[in-house]
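Below is one structure, written out as structure tokens; comments come after it.
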Amino acid sequence: MVQSMKVLVDPLSGLMPHFSCHNLQGAESDELAAASKLEDGVNFYQTVIPNVAKLFHIDPDVKRPALVLLKKEEEKLNHFDGQFEKAAIANFVSSNKLPLVSTFTRESAPVIFESPIKKQLLLFVTKNDTAKFISVFQEAAKFFKGKLVFVHVEMDNEDVGKPVADYFGISGNAPKVLAFTGNDDGRKFLLEGEVTVDNIKAFGEDFLVDKLKPFLKSDPIPESNDGDVKIVVGNNFDEIVLDESKDVLLEVYAPWCGHCQALEPTYNKLAKHLRSIDSIVIAKMDGTTNEHPRAKSDGFPTLLFYPAGKKSSDPITVDADRTVVAFYKFLKKHASIPFQLQKPTSTSKTDDSGSSDVKESQ
């Protein structure tokens, strides 16, 4: 039954008239009904009246059954041309129900991230530049229907856009296009060059075949890095942490984290004790401004150990007491390259950090 046309004014609703030769019952109607149960945000309709179907841009003389998705967006119509069965219909709806470009808001966020299409292209642009670049983004989106979700983020919107830009490591006011593999994977890639239809199209095609270099949040690489605790940032992570010739202990911390601040003296003393061991690197990385797919943390601080010669494997999460001696024993057990401390230079017998225990454990 076709209801009021008011349904068309709801931007999250689709109008899907389906008509067969004789009635509203049968296998095709059953398939449509089954598909409708998979989509809570789309309204399904069917009709056998050609003149009614014509109102919804279906040719009365078209081969039946015919099906169309209507949206209140730049791209208003999508015609179905697949096999008339539940799975194909559901896939058609899920691939086309979003607009060519979805603006990121609190309301649209669940629809975007719950889409079966996980890979996204995000345009980060200021409010003043939106009109200039959104049409370019929409034109490029036409080439990737059903393959990528295109999202517009107003990055100077303090309520929504700016937190999203900060999350992805986007700074400045220049328009940027970022590819995102979705929360399960979490890899990001940044378009280098101008925001044009041709550049976005080439970028999207390379994204689909996994030919892009990941984009990582990163502080500047330190000009000098000679301290006992080495400073790791996103852009020198591979060089320091994934060096196959070194056993590396990495702390992922946050500057505001009280537990991280409490750990710092112990961590510094551990590094000082081991400064003469060339095969071991004690390092730390600010997890709020740097990232790497091999250094995932669920909280701060996170301590990860990367054994030499095994950098292709996942790191070992350090589950030890936060004392120098406990860390030392952990390293002795898990280090790929055996090591021995030099003869202690201090005669101190007690130390709150457990340094005397380290000497005894030699």
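Put a plus charge on the Cβ of each Lys and Arg, a minus charge on the Cβ of each Asp and Glu, and nothing anywhere else: the dipole of the chain about its Cα centre is then about 380 debye. For the pair Val209 and Ser276, the difference between a 0.36 nm per residue extended length and the Cα-Cα distance amounts to 19.6 nm.
Shown for the chain: the carbon plus sulfur share of the solvent-accessible area, taken with all protein chains present and a 1.4 angstrom probe, equals 49%.
Note that region 171-178 has calculated 3J(HN,Hα) couplings of 10, x, 10, 5, x, 9, 10, 10 Hz, one per residue in order, obtained from phi through the Karplus relation 6.51 cos²θ - 1.76 cosθ + 1.60 (θ = phi - 60°); glycine and proline are x.
Structural descriptor for the chain: relative contact order 10 percent, calculated from alpha carbon pairs under 8 angstrom and at least 6 residues apart. Projecting label points 7 angstrom from Cα along Cα→Cβ for Val62 and Asn43 puts them 1.9 nm apart.
With respect to the chain, whose longest principal axis is taken over its alpha-carbon atoms, helix 324-334 is tilted by about 70°.
Restricting region 162-209 to GluC sites (Glu not before Pro) that sit in a DSSP loop and have at most 14 other Cβ atoms within 10 Å of their own Cβ leaves Glu192, Glu194.
Rounded to the nearest 5, the antiparallel percentage of DSSP beta bridges internal to the chain is 50%. Taking all protein chains into account, the per residue accessible area for region 230-334 stands at 47 Å² (1.4 Å probe). Coupling constants for region 123-129 follow from the phi torsions by the Karplus curve (6.51 cos²θ - 1.76 cosθ + 1.60, θ = phi - 60°), and in residue order they are 9, 9, 8, 6, 4, 5, 9 Hz; glycine and proline get x. Along the Cα-to-Cβ line of Arg106, 7 Å from the Cα, sits a label point; which residues in region 120-141 have backbone N less than 16 Å from it? Output list for this probe position: empty.
Bridging of Lys147 to aspartates and glutamates at a Cα separation below 18 Å is possible for Glu75, Asp81, Glu114, Glu139, Asp184, Asp185, Asp198, Glu205, Asp206, Asp210, once same-chain residues fewer than 8 apart are set aside. For region 41-144, the per residue solvent-accessible surface stands at 52 Å², with DNA, RNA and ligands left out and a 1.4 Å probe.
Helical runs (DSSP H, four residues minimum) scored at -39500 (n - 2.57) apiece and divided by the length of the chain put the mean residue ellipticity at 222 nm at -8500 deg cm²/dmol.
The values are calculated or read from the model by the stated rules, or taken from the named source; none is laboratory data. All values reported here derive from a predicted model rather than from experimental measurement. Virtual Cβ from ideal backbone geometry, glycine too; neighbours counted across all protein chains shown. In case anyone asks, the SASA skips ligands and DNA or RNA and just uses the protein heavy atoms, side chains included. Shrake-Rupley method; radii C 1.70, N 1.55, O 1.52, S 1.80 Å.
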